[in-house]
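The values are calculated or read from the model by the stated rules, or taken from the named source; none is laboratory data. Please read these numbers as outputs of a predicted model, since none were measured by experiment. FYI the Cβ positions are ideal-geometry reconstructions off the backbone, even for glycines, and counts take in every protein chain you see. Just the protein is used for accessible areas: all its heavy atoms, side chains included, with ligands, DNA and RNA removed. Shrake-Rupley method; radii C 1.70, N 1.55, O 1.52, S 1.80 Å.
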Amino acid sequence: MSVVTSMAAHASTAPAAGRGHVHWVDWLKVLAVLGVFYYHSAMPFVLAPWMITNQDRSVVLTVIAGTGFYFGMPLLFLLSGAASSFAVRSRTTAAFLRLRFTRLVIPMIAGFLILSPIQAYFVLASKGTAEPLWQYYPHFFTTMQWFWNPRWFGTYGYHLWFLAFLFLYSVLIVPLIVLARRPDGRRSLSRFADLCDRPLGLLLFVVPLVLVQIALRARFPWYQDWTDFLYLFVFFACGYVILTQPRFEDIIARRAGALFRFALGLAVLFTLVTGPDLIRHWELTPSFSVGWVAYQVVRTTGIWALVVALLAFGIRHLDYRTRLLDYASEAVMPFYVLHHPVIVVIGSFVLQANANLWVKHAVLTTTALACTLVIYELGVRRFAPMRWFFGMRPLPRPARPAEPITPVRLALGGSHA
């Protein structure tokens, strides 16, 4: 941390180049978190195993959840990187890291200590092997195994791995923050924007993504392993760059359509040449073969093109502010922290019902959404300590009532106090 602090001391506190706050980032973050909620509410009904599993599974929900799996978290990390560009504009990097610690690490620790054991308990209870909660609670911590791998955060923190990754990314992005504040750094970003403002120029962002996949995926194939850690960090850094250099908004709005059509055509052609069976093999069995490398290029290009298309939609249609956006933006962090355990707890009861799969899915989704919002509104939003635990801004101070103007105050010039 001493190195980071030293770098922060030399970083300018002047705002980075860029226009004011962009509301399309907030809208897309809200929609992305809602997408994560729906993904988790669908997971008990997909073909792949999850924490709690329904006896009947759905191919339709498997396709929906699988599609969201590929681009959902990359989009969310990119938007988080974009939002970070605003957080550093009027702060030193040291102040930025303190802010990120408060907003990310505090809710992660609170969620880990309180919510993770509850989720683990209900998973065991759904399988009929759980002891009483008050006995299991300390057992969850005493049986943890420590290992040096980013998968640890997902193994014991479940969905809170996202917050751990975000904080670590905030530390790793410091050199880029320092560089972007220097004149030569701003010139480099401007030249990079010039290159991207060409037909298919936005494919330049794909290069580091593909390099990470090719270099590490066969060695670290598991979800949330080192490959995903660096792969998602690149998306985070891309978001920071896009909002630090304001020209990218216009470039994305104009060039996203051509990029998406190119990626779609490339994917269709690749599928026709290789066949779906070979693609499935490459997806499930990473290697360093020529075919697998080509698949990673096509796959990563498609994911990037879809993410950029969603950014273009936000830039064109969602750059406005409403009271609903203000409310939802503030609720994003506590909603994310709360939704997963709510789904697990409610789902452990809903799945036991003798009902149709789609009825269970509808009941779980609507009930979990309502309960999460009620917990947030009545148990978090209105209380200062809870807001701190969930990484929210402090409650605004109530305005002081104006003192009555009396003849004495007028004589003393009090009307201008």
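I'd like to know if region 143-154 contains one or more residues that are closer than 27 Å to residue 96 by Cα, touching a residue at least 24 places away in the same chain (Cβ under 8 Å) and not in a helix (DSSP H, G or I). Yes.
Applying a threshold of 9 Å to beta carbon distances and a minimum spacing of six or more residues, or different chains, the list of pairs starting in region 226-245 at a residue that is within 15 Å of residue 153 (Cβ to Cβ) and open to solvent by 20 Å² or more (accessible area, probe 1.4 Å) and ending at one that is basic (Lys, Arg) and not in a helix (DSSP H, G or I) reads 226/219. For region 254-277, the set of residues classified as of a type outside the set (Phe, Trp, Tyr), under 17 Å from residue 197 (Cβ atoms) and open to solvent by 20 Å² or more (accessible area, probe 1.4 Å) consists of 254, 255, 257, 258, listed by residue number. Taking first residues from region 264-279 that are free of Cβ contacts under 8 Å to residues at least 12 places away in the same chain and partners that are surrounded by 15 or more Cβ atoms within 10 Å (Cβ to Cβ) and part of a helix (DSSP H, G or I), the Cβ contacts under 9 Å between residues at least 6 apart in sequence or on separate chains come to 269/298; 271/279; 271/298.
Residue check: residue 21 meets all listed conditions (1) closer than 26 Å to residue 245 by Cβ; (2) not in a loop (DSSP other than H, G, I, E, B) but one, namely (2). Quick check on residue 349: is it more than 30 Å from residue 23 (Cα to Cα), of a type in the set (Phe, Trp, Tyr) and open to solvent by 40 Å² or more (accessible area, probe 1.4 Å)? For residue 349, the condition - more than 30 Å from residue 23 (Cα to Cα), of a type in the set (Phe, Trp, Tyr) and open to solvent by 40 Å² or more (accessible area, probe 1.4 Å) - is met. Any residue that is of a type in the set (Ser, Thr, Tyr), over 26 Å from residue 333 (Cα atoms) and open to solvent by less than 40 Å² (accessible area, probe 1.4 Å) - is there at least one of those in region 114-135? No: zero hits. Take residue 221 and decide whether it is within 30 Å of residue 344 (Cβ to Cβ) and part of a loop (DSSP other than H, G, I, E, B). Judged against the criteria, residue 221 is a match. Taken over region 141-186, residues that are open to solvent by less than 40 Å² (accessible area, probe 1.4 Å), modelled with pLDDT under 90 and among the aromatic types (Phe, Trp, Tyr) amount to 0.
Restricting region 278-311 to residues that are more than 30 Å from residue 82 (Cα to Cα) and of a type in the set (A, V, I, L, M, F, W, C), the residue that is least open to solvent (accessible area, probe 1.4 Å) is 292. Residues in region 193-222 that are surrounded by fewer than 17 Cβ atoms within 10 Å (Cβ to Cβ) and free of Cβ contacts under 8 Å to residues at least 12 places away in the same chain: 194, 195, 198, 207, 211, 215, 219. State whether one or more residues within region 312-332 are touching a Lys or Arg at 6+ places or on another chain (Cβ under 7 Å), surrounded by fewer than 20 Cβ atoms within 10 Å (Cβ to Cβ) and of a type in the set (A, V, I, L, M). Scanning region 312-332, I find at least one residue that is touching a Lys or Arg at 6+ places or on another chain (Cβ under 7 Å), surrounded by fewer than 20 Cβ atoms within 10 Å (Cβ to Cβ) and of a type in the set (A, V, I, L, M), so the answer is yes. Residue pairs whose Cβ atoms lie under 9 Å apart, sitting 6 or more positions apart in sequence or on different chains, and linking a residue in region 318-341 that is under 17 Å from residue 25 (Cβ atoms) to a partner that is among the acidic types (Asp, Glu) and buried (at least 18 other Cβ atoms within 10 Å of the Cβ), are 318/26; 319/249; 321/26; 325/26; 326/26; 328/26; 329/26; 332/26. The lone criterion from (1) touching an Asp or Glu at 6+ places or on another chain (Cβ under 9 Å); (2) closer than 20 Å to residue 115 by Cβ; (3) not in a helix (DSSP H, G or I) left unmet by residue 393 is number (2). All of (1) among the hydroxyl-bearing types (Ser, Thr, Tyr); (2) within 30 Å of residue 110 (Cα to Cα); (3) open to solvent by 10 Å² or more (accessible area, probe 1.4 Å) hold for residue 190 with one exception: (2).
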